[in-house]
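Contents: one structure, followed by commentary.
Read-outs: derived from the displayed coordinates by stated rules, not from any lab. Bear in mind that the values here come from a model prediction, so they are computed numbers and not experimental data. Virtual Cβ from ideal backbone geometry, glycine too; neighbours counted across all protein chains shown.
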Amino acid sequence: MKAGYFVAGTDTGVGKTRTTCTLLHAFARLGHSTLGMKPVAAGCERHGDVWQNEDVEALIAASSVVADRRLINPYTLRTAIAPHLAAERQGVNLRIAPIRDAFEQLALQADIILVEGAGGWSVPLDDHHDMSDLAIALGLPVILVVGMRLGCISHALLTAEAIAHRGLKLAAWIANDLGTGMAAYSENLATLQARLPAPLLAELPWKPNQQTIDAAQIVSLKRLSDLLAKTSAYL
């Protein structure tokens, strides 16, 4: 079985990497080989002659297949700002075609490919394209990470509407507790479940400084299997 998903967020800092790592482990529990991809990563530290991004390193560690780092992260940007601004400072043109080529090579190497976006759904890549254009070019169903904090209902519903407007399928969503002590958490969660046009795949609890949540405790294998059954034809 082959499947791929684009992991999008309602905003930056909502836990896309932690969610992606957790899902990589969860899919591996089902017996699938997995690879995480971060096409554009902004904010890096230099280690010898190599610039590394902590999100990319986390995805590599969580994947069950070892792949070429240049395929996993085609664009490594040094400054932790919006990708189009970081690329401009670095003299880099963020092009979708090389990312699509890298994805196609990765898709030959694992059963499950999770592609993590940068920032929110519409963060710019250049003067004419944004992250949603990349998702369209890859043609993948979307898993939306909702950072559970004040304002998340509007952010989530607007993002879901934008995903549908671009002709992509919202396959599932994940609620990620950001540790803000959100008032009426359960009521907000219930509102999102009633209004988002996709099933809730999992709730991730607040665990500071923990990149990967124990998938065995969080992600239902049945829900994951149901997700695969509905979307496995995309690869």
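When each of 136, 81 is tested for being under 30 Å from residue 182 (Cβ atoms) and surrounded by fewer than 19 Cβ atoms within 10 Å (Cβ to Cβ), the lone residue that passes is 81. One residue stands out in the range 30-78 among those that are among the aliphatic types (A, V, I, L, M) and assigned to a loop (DSSP other than H, G, I, E, B): the one that is surrounded by the fewest Cβ atoms within 10 Å (Cβ to Cβ), namely 66. From the list 6, 27, the lone residue that is crowded, with 21+ Cβ neighbours inside 10 Å and in a strand (DSSP E or B) is 6. The condition (being under 14 Å from the mean Cα position of the chain (by Cα) and surrounded by 21 or more Cβ atoms within 10 Å (Cβ to Cβ)) is satisfied by just one residue among 112, 99: 112.
Here residue 105 clears all of (1) under 16 Å from residue 39 (Cβ atoms); (2) surrounded by fewer than 20 Cβ atoms within 10 Å (Cβ to Cβ); (3) out of contact with any helix residue (DSSP H, G or I) (no Cβ under 6 Å at 6 or more places or on another chain) except the condition numbered (3).
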